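First up is the structure itself, then whatever we jot down about it.
The values are calculated or read from the model by the stated rules, or taken from the named source; none is laboratory data. Remember, it's a predicted structure, so these values are computed and weren't measured experimentally. Every residue, glycine among them, receives a Cβ derived from its backbone with ideal geometry; neighbour counts consider all protein chains shown.
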Amino acid sequence: MPLSQALHLTSMLLASASFIGLTLGAGLPEWLAVLTGATLIAVLLRNMGLTSVDHITTQMPVSSIGWNLIVLGGFVGFWIDLLWVSGELLPAGLHFLMILMIIKLFNLRLRRDYLHLYAISLVAMLASGSLTTELWFFPIFAVYLVAGVWTLLLFQLTKTAEASGDAWMPAPARLRQESYQGNDRISPRIFWMANGLAFGAFLFTVAIFFTIPRVNAGIYQKGFGENIRTTGFSDKVNLGAIGSIKHDPSVVMRVELLGTPRQAARPLYIRGVSFDRYDGKVWTNQLSYRRSFIEESPGTFGFRGKRGVVRSDSGDAIRQKILLEPLDTPVLFAAPFIERVTGAFPSLFFDPAGAVYLPFPSSSRIEYTVVSRSNTLASADLGTGPGHYPDWVVRHYLQLPGQSHRINALAGDLTQGRHTPYEQAAAIQTYLTQNYRYSLDAPLAAQDQPLEEFLFVRKTGYCEHYATAMVIMLRTVGIPARLVTGFLATEWNDYGSYYVVRQQDAHAWVEVYLPHSGWMSMDPTPAEDNRGSGGKVWQVFGPIMDNIRLQWNRLFVQYSAADQLAVVRELKAEGMSVRNKALDTVTALFGTFLAVMGGIVTHDVSQIRIGLLGEIVGFVLAGFAVLFWLGWGRLREGWSLWKTDDGSELAITQLYRRMRTYLSGQGFSRSAAIAPLELVEITRTGWREAHTAVAAITELYCRTRFGHRPLTQEDVRHAEDQLRRLLELRKPRV
């Protein structure tokens with residue numbers, strides 16, 4: 001492929017990569033995306049030599065003044081878009097950027113036009129990287145990086161061709177008029193050099209990536225995207241509200257259990273907020289006033305002193321690392337009950353019911369670590385002795401709405417003969433789980449008395465109905481209880497060892513206050529038996545892809561200075577481990593031999609310290625292994641080529657440079673942009689006596705430099721003779 005045509009192709013690939021990235025990241029309007037894509041395809045087909053497309057794109061009835069007017073119209077459209085359509089600077093600027101790309105694609109004639117296209121593509125790619133943190137950006141960026149290296153290289157290689165006036169001709173005409181094929185095509189050397197530079201640029205990018213951690217991810221995302229809609233995590237929740245999101249499979253968080261293996265495939269309750277007052281249809285949180293967390297150290301927040309959640313005995317600590325998607329609620333989720341939170345937060349708040357809040361809903365993914373500790377059932381609550389409830393518990397968690405006697409009678413019948421609050425709560429829980437059926441098709445919110453409709457008529461519903469029924473019946477018999485909303489994590493990813501929590505995992509359950517144990521979680525909702533699990537293919541590849549997304553966010557999006565230090569420590573540890581293993585191997589293989597050579601006779605080889613000599617032997621063996629892997633024949637072939645080809649090329653290159661220096665002193669070839677064949681033509685018309693020598697040396701130089709044909713010793717001597725004749729000439733003064 002000719003260099004000029006390859007430059008056109010890589011330029012289009014560069015622009016296409018930035019356009020695709022911006023389209024996926026910013027969500028361009030459909031008409032603008034279609035118009036830009038069609039323009040890129042048309043220009044690409046023209047570069048491939050399609051005559052009809054070339055005629056249309058090169059013979060458009062638009063003058064330079066017309067194109068300037070179109071640019072001016074696009075600028076006016078930018079202000080209209082900014083003030084009345086988009087209403088924001090970023091989307092309006094991106095739309096105008098695509099308009100400029102379309103105009104520039106139709107006007108690729110001079111080198112500066114290509115430079116303008118490269119600048120537009122760079123801005124588009126930077127905007128795309130700022131607008132997204134998704135995994136699809138990586139392959140697009142890789143394509144852009146490779147295309148960029150090729151484009152810069154080809155742009156420089158074709159620089160000398162512009163002086164001859166045919167560098168930017170339309171592709172069909174240029175292909176018909178190429179006179180010297182050897183110096184205008186991609187040779188194997190150029191191909192491998194460009195790919196080597198691309199690979200080196202990729203490694204350099206990776207080095208910078210792990211050297212400089214991210215300060216923020218997607219700085220333009222705030223206000224440009226939309227958070228995942230949730231419900232049930234504000235100061236009130238309507239009965240039946242959670243059911244509206246139970247069909248949404250969107251991922252809301254991923255939870256890793258640090259230092260704790262998955263416990264017998266048990267589900268993990270992830271607490272959000274709790275509610276203390278029910279009016280018959282709506283739950284509200286009367287304890288919603290918030291206090292600031294105490295920052296124990298930078299980025300670490302914890303409770304200190306007496307907490308709102310009173311516990312007499314605590315269970316084992318559960319450490320979780322949570323990656324939370326952007327939600328429309330400031331609630332911070334974790335297993336109950338939170339004791340300490342670590343994350344990049346300016347501040348945190350909590351309410352007396354144990355819920356934790358951000359200052360405002362986050363517009364991007366956040367990652368934080370939580371230490372939680374749940375209450376364990378105290379043996380005193382299993383005895384027959386009466387318990388005592390604190391005044392603040394009685395005041396807030398025994399409220400009842402105006403209910404009929406049917407619920408009171410049902411609660412009394414279920415708890416009859418049970419002496420302790422725990423036995424009574426367990427009896428109500430068992431009754432609800434065994435005598436009712438789970439279903440999302442339960443429009444009870446429109447009923448005047450939805451709880452009675454659920455308990456005595458429909459006997460089917462979802463988590464909110466069961467949790468509400470249990471709380472009200474517990475309060476009826478004098479046991480404090482509250483409704484809690486959050487998520488029930490059941491989807492375990494075996495590849496990444498974490499829970500995947502989705503919108504459809506939204507759940508409501510009950511927290512019962514026992515006199516000696518404090519708040520205990522109980523779930524009266526029956527198991528769901530009609531939940532779709534996807535196809536078999538998705539069951540296999542879905543967890544793998546989700547784990548890749550998690551690692552992408554951790555290693556690329558949320559990469560911080562702490563992660564940087566961890567990577568350095570890990571690399572150092574791995575390096576020391578490899579070094580020690582290599583020394584142990586060398587010791588085992590050559591220990592006895594080295595001991596004999598050093599005059600040290602011992603039967604215990606493990607006691608010999610090899611030191612520097614052992615390391616040298618190891619490196620020598622590694623070098624021999626590399627030589628064996630490459631193949632001795634290939635090395636001999638490369639050596640022979642270097643002796644013949646590169647030696648003659650070096651000689652003719654030096655002779656050619658001496659010729660150019662001499663001609664420059666005589667008034668010729670003062671510009672480095674003059675091509676070799678153009679220089680021959682100049683001497684033919686301007687200095688006929690020197691033409692023969694210049695043509696002979698140039699022909700041998702082009703044959704070796706661009707045609708990769710080795711010269712013989714006779715050819716080199718002939719070039720030296722011609723240069724000697726040239727140096728004896730003096731240009732006559734006119």
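Data table
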| item | result |
| --- | --- |
| Top-ranked residue in the stretch 516-531 [being aliphatic (A, V, I, L, M) and not in a loop (DSSP other than H, G, I, E, B); ranked as nearest to residue 472 (Cα to Cα)] | 522 |
| Top-ranked residue in the stretch 469-504 [being of a type in the set (D, E, K, R) and touching a residue at least 60 places away in the same chain (Cβ under 8 Å); ranked as farthest from residue 459 (Cα to Cα)] | 502 |
| Scope the stretch 688-714; condition more than 53 Å from the chain's Cα centre (by Cα) and surrounded by 19 or more Cβ atoms within 10 Å (Cβ to Cβ); matching residues | 690, 693, 694, 696, 697 |
| Positions within the stretch 642-666 being modelled with pLDDT under 70 and among the β-branched types (Val, Ile, Thr), in sequence order | 644 |
| Test: residue in the stretch 397-418 that is among the charged types (D, E, K, R), farther than 25 Å from residue 336 by Cβ and loosely packed, with under 14 Cβ neighbours inside 10 Å | yes |
| Qualifying residue in the stretch 391-403 (condition: in a strand (DSSP E or B), within 24 Å of residue 269 (Cβ to Cβ) and hydroxyl-bearing (Ser, Thr, Tyr)) | no |
| Identity of the residue in the stretch 18-56, more than 14 Å from residue 132 (Cβ to Cβ) and small (Gly, Ala, Ser), that ends up modelled with the lowest pLDDT | 52 |
| Residue satisfying all of: in the stretch 333-354; of a type outside the set (Asp, Glu), outside any loop (DSSP other than H, G, I, E, B) and closer than 15 Å to residue 295 by Cβ; farthest from the chain's Cα centre (by Cα) among these | 350 |
| Given (1) surrounded by fewer than 18 Cβ atoms within 10 Å (Cβ to Cβ); (2) modelled with pLDDT of 90 or more, number of the condition residue 294 does not satisfy | (2) |
| First in the stretch 406-421 and within 16 Å of residue 387 (Cα to Cα), second anywhere and surrounded by 12 or more Cβ atoms within 10 Å (Cβ to Cβ) and not aromatic (Phe, Trp, Tyr), Cβ under 6 Å, 6 or more apart | 418/424; 418/427; 421/479; 421/514 |
| Residue in the stretch 100-112 that is part of a helix (DSSP H, G or I), within 28 Å of residue 196 (Cβ to Cβ) and in contact with a Leu (Cβ under 9 Å, 6 or more places away or on another chain) present | no |
